[in-house]
Amino acid sequence: MVGVRRLGARVAVPGDGAAIGEAHGAAWEQAYQDLFDPTFLVRSVAGRRRGWPDAIEPLLAEDGLLLVGELNGEVMAFAHAGPAREQPTLAEIYGFYSHPEAWGSGLASLLLGEICARLADRWQRVVLWTHRDAGRARAFYEKSGFALTGAQRIETLSDWIGDATVQAPAVEYGKKLAEGPTRSREARR
């Protein structure tokens, strides 16, 4: 059938590095074009595209979760999460990006739902940080049930190539997680 979209989410494997890098780089290129200096943005996009094949295995070895979203069998998004860096009693989504070609397909919603369901097995709440001026991302998180916590910070973002960094204003969003299957079983005992 023409126009049928197959969406899926799964745990990432080492061979997904290049596709994750492409999704990450393309998302930065589109979403941040008006937020960062063009030279820094070009370096950052290239760094993410080149860096993911080497970065994926160490991330898979950590106590966290790295999922990919697939559109018609092709990796087009990723979500990286684990214990919150500042409050380990919470979960944190460290990175969540979708290739612009998948925007509007439903893939990001599916992937966010999947990572939240998996995080709910260990945590009751999840937080994430996003650029203060990233309107599209903020609207998506709000539509997905996340709310501003009131926390703000200045993040130092790297270009992934060398030592170029930029200071970026960020806001925190949070969400109560639905009870996961593991906690549900334990509660019934």
Residue check, residue 189 against (1) among the basic types (Lys, Arg); (2) surrounded by fewer than 16 Cβ atoms within 10 Å (Cβ to Cβ); (3) modelled with pLDDT of 95 or more, all met but one. Which one?
(3)
Filter result (over 18 Å from the mean Cα position of the chain (by Cα) and among the β-branched types (Val, Ile, Thr)) within the stretch 1-20
2, 4
Under 6 Å between Cβ atoms, which residue pairs at least 6 apart in sequence (or on different chains) link something in the stretch 53-77 that is under 17 Å from residue 28 (Cα atoms) with a partner that is at pLDDT 95 or above and among the hydroxyl-bearing types (Ser, Thr, Tyr)?
77/98
Between a first residue in the stretch 95-108 that is within 10 Å of residue 137 (Cβ to Cβ) and modelled with pLDDT of 95 or more and a second residue that is crowded, with 23+ Cβ neighbours inside 10 Å and aromatic (Phe, Trp, Tyr), which pairs have beta carbons less than 7 Å apart while being 6 or more apart in sequence or on different chains?
97/78
Could you say whether any residue in the stretch 21-29 is under 13 Å from the mean Cα position of the chain (by Cα), of a type in the set (A, V, I, L, M, F, W, C) and either surrounded by fewer than 18 Cβ atoms within 10 Å (Cβ to Cβ) or within 30 Å of residue 124 (Cβ to Cβ) (or both)?
yes
State which residue is surrounded by the fewest Cβ atoms within 10 Å (Cβ to Cβ) when the search covers only the stretch 127-152 and only residues that are in contact (Cβ under 8 Å) with a residue 40 or more places away in the chain and either in a helix (DSSP H, G or I) or out of contact with any Gly (no Cβ under 7 Å at 6 or more places or on another chain) (or both).
136
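If the requirement is being farther than 18 Å from residue 165 by Cα, among the basic types (Lys, Arg), at pLDDT 95 or above and surrounded by fewer than 20 Cβ atoms within 10 Å (Cβ to Cβ), which of these qualifies: 50, 43, 6?
On the way: 50 fails: farther than 18 Å from residue 165 by Cα; 43 fails: farther than 18 Å from residue 165 by Cα.
Among 50, 43, 6, only 6 is farther than 18 Å from residue 165 by Cα, among the basic types (Lys, Arg), at pLDDT 95 or above and surrounded by fewer than 20 Cβ atoms within 10 Å (Cβ to Cβ).
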Test residue 31 against the criterion of being touching a Pro at 6+ places or on another chain (Cβ under 6 Å) and either farther than 14 Å from residue 158 by Cα or not acidic (Asp, Glu) (or both), and give yes or no.
no
Could you tell me how many of the residues in the stretch 83-115 are more than 11 Å from the chain's Cα centre (by Cα) and closer than 22 Å to residue 62 by Cα?
11
Members of the stretch 96-125 found to be touching a Phe, Trp or Tyr at 6+ places or on another chain (Cβ under 7 Å) and within 18 Å of residue 155 (Cβ to Cβ), listed by number:
97
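Test residue 114 against the stated conditions and say whether it is among the acidic types (Asp, Glu), surrounded by 15 or more Cβ atoms within 10 Å (Cβ to Cβ) and modelled with pLDDT of 95 or more. Step through it out loud before you land on a result.
Values: among the acidic types (Asp, Glu): yes; surrounded by 15 or more Cβ atoms within 10 Å (Cβ to Cβ): yes; modelled with pLDDT of 95 or more: yes.
Answer is yes for this residue.
The values are calculated or read from the model by the stated rules, or taken from the named source; none is laboratory data. Keep in mind it's a predicted model, so treat the numbers as computed, not measured. In this analysis, Cβ positions are derived from the backbone assuming ideal geometry, glycine residues included, and neighbour counts consider all displayed protein chains.
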